[in-house]
Amino acid sequence: MSADLKIDDKAFVKALKAFAANSRKSNEAVIKDQARLFVNDVILITPPNQGYKQKRKLGDRAISGDIKKIMRGARSGTKSATDDPAQLHKKYRERDGRVHKKLPFAQKFRVIDLQGYIKSVIARVGILASGWNAAGKKLGCKVSDWAARHGTGGGRISMKFSLTQCRITITNAIRFAGGVKDLTRRVQASLDKRAGAMNRQVEHFQKRNAKGAGFK
């Protein structure tokens, strides 16, 4: 399982092997189940994540409000109007992706077709998460509409199951994915979460088997 991010999957692979050895399911079923659970997790933690997912209208409103903290509309032909609202937006966004500093009205940057820019930003919401759409669709995950609308072209999934190989490879190929702050840590945490869950289940399997063999 991989992505266009530097992820350490050693603990996950070790846990997966132990889980498969103790489970009553086939290796293929185990790998598909864990891949599905992993993708469900990363969809939820990929910005703008579940806060936007659960309250999309509020999310759209927050985007509009953030932009209006630093910009105001201007008539066509206004000489002092900025021609690069995207650069301004990037400059004032903080680590969490939000704009927290509100400029006084007189100091706000003038933007021609401000509403058009706001709409374009809202329309891009979910592009990063859409990198998981291909895997989500193949594995039967629930994908939110704001990510699903961008299609499956931003990612890939391949599955190979044979007597000698059981492998699922998942790629989020959105070009800026590697540059999104904290995304690598979030994906790593999701993979580690799966490893931990499998290790706990292995302990359950072993206790069950021991009890079945007559051990207390």
Residue 160: passes all of (1) basic (Lys, Arg); (2) within 30 Å of residue 86 (Cβ to Cβ); (3) loosely packed, with under 12 Cβ neighbours inside 10 Å; (4) free of Cβ contacts under 8 Å to residues at least 12 places away in the same chain but (2)
How many residues of the range 173-188 are surrounded by fewer than 13 Cβ atoms within 10 Å (Cβ to Cβ) and in a helix (DSSP H, G or I)? The answer is 2
State whether one or more residues within the range 168-175 are among the charged types (D, E, K, R) and in contact (Cβ under 8 Å) with a residue 12 or more places away in the chain.
no
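Yes or no, residue by residue, for (1) in contact with a Pro (Cβ under 7 Å, 6 or more places away or on another chain); (2) closer than 14 Å to residue 48 by Cα; (3) among the charged types (D, E, K, R):
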{"position": "97", "(1), (2), (3)": "yes, yes, no"}
{"position": "103", "(1), (2), (3)": "no, no, no"}
{"position": "114", "(1), (2), (3)": "no, no, no"}
{"position": "117", "(1), (2), (3)": "yes, no, no"}
{"position": "123", "(1), (2), (3)": "no, yes, no"}
{"position": "130", "(1), (2), (3)": "no, yes, no"}
Sort out which residues of the range 122-138 are on the phi < 0 side of the Ramachandran plot and in contact with an Asp or Glu (Cβ under 9 Å, 6 or more places away or on another chain), and write them in order of number.
122, 125, 131
If residue 99 meets every condition in (1) of a type in the set (Val, Ile, Thr); (2) over 17 Å from residue 89 (Cα atoms); (3) crowded, with 18+ Cβ neighbours inside 10 Å apart from one, which number is that one?
(2)
If you go through 37, 58, the only one that is of a type in the set (A, V, I, L, M, F, W, C) and at pLDDT below 85 is 58
Reported set for the range 99-126 where residues are closer than 17 Å to residue 59 by Cα, outside any helix (DSSP H, G or I) and either touching a helix residue (DSSP H, G or I) at 6+ places or on another chain (Cβ under 6 Å) or not assigned by TED's automatic domain parsing to the domain that holds residue 79 (or both) is 99, 125, 126
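The values are calculated or read from the model by the stated rules, or taken from the named source; none is laboratory data. Keep in mind that this is a model prediction, so the values were computed, not measured. Virtual Cβ from ideal backbone geometry, glycine too; neighbours counted across all protein chains shown.
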